[in-house]
Amino acid sequence: MVYHRIRDLREDGDFLQKELAAYLSCSQVCYSHYELGKRDIPTETLIKLAQFYNTSTDYILGLTDDPTPSVRKEKE
């Protein structure tokens with residue numbers, strides 16, 4: 001599921017794999033493997049992708065269909 005979401009987000013934003021790879025400091029082949037589901041996405045990379053697309057990690061992971069990032073409430 002993850003790979004479908006990151007591919008769709010990239011295509012919807014008209015980005016190339018090599019652009020995302022550069023942002024994530026990895027090779028285009030490595031990024032391609034994320035999109036194909038051939039390689040697990042490290043937590044730090046998942047967080048960077050969520051920040052880049054202004055969405056939540058839950059959305060990328062397929063835990064929600066709401067792409068809107070959740071707002072954390074600070075503990076008082």
To the nearest 20 debye, what charge dipole does the chain have about its Cα centre, counting +1 at the Cβ of each Lys and Arg and -1 at the Cβ of each Asp and Glu?
-> 260
Mind grabbing the accessible area of His33 for me, 1.4 Å probe, Å², rounded to tens?
-> 60
Taking every Cα atom in the chain, find the radius of gyration and the maximum pairwise distance Dmax, and write them in Å.
-> 12.6, 45
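Rounded to the nearest 500, what is the chain's calculated 222 nm mean residue ellipticity when only DSSP H runs of at least 4 contribute -39500 (n - 2.57) each, over all residues?
-16000 deg cm²/dmol
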Give the ranking of Lys18, Lys48 by solvent-accessible surface, highest area first, calculated with a 1.4 Å probe.
-> Lys18, Lys48
Putting +1 on Lys and Arg Cβ atoms and -1 on Asp and Glu Cβ atoms, find which of Gln51, Val2, Leu24 reaches farthest to the positive end of the dipole of the chain.
-> Leu24
So what's the angle, to the nearest 10 degrees on a 0 to 90 scale, between helix 43-53 and the longest Cα principal axis of the chain?
-> 80
Leaving ligands, DNA and RNA out of it, work out the accessible area of Glu35 with a 1.4 Å probe and give it in Å² to the nearest 10.
-> 10
Say each of Asp14 and Thr64 gets a label point 7 Å from the Cα, pointing the same way as Cα to Cβ; how far apart are those two points in nm?
-> 2.9
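The values are calculated or read from the model by the stated rules, or taken from the named source; none is laboratory data. In this text, all values refer to a predicted model and were calculated from it rather than measured experimentally. So basically every Cβ, Gly included, is an ideal-geometry build from the backbone, and we count neighbours across all protein chains shown. Accessible surface areas use protein heavy atoms only, side chains included; no ligands, DNA or RNA. Shrake-Rupley method; radii C 1.70, N 1.55, O 1.52, S 1.80 Å.
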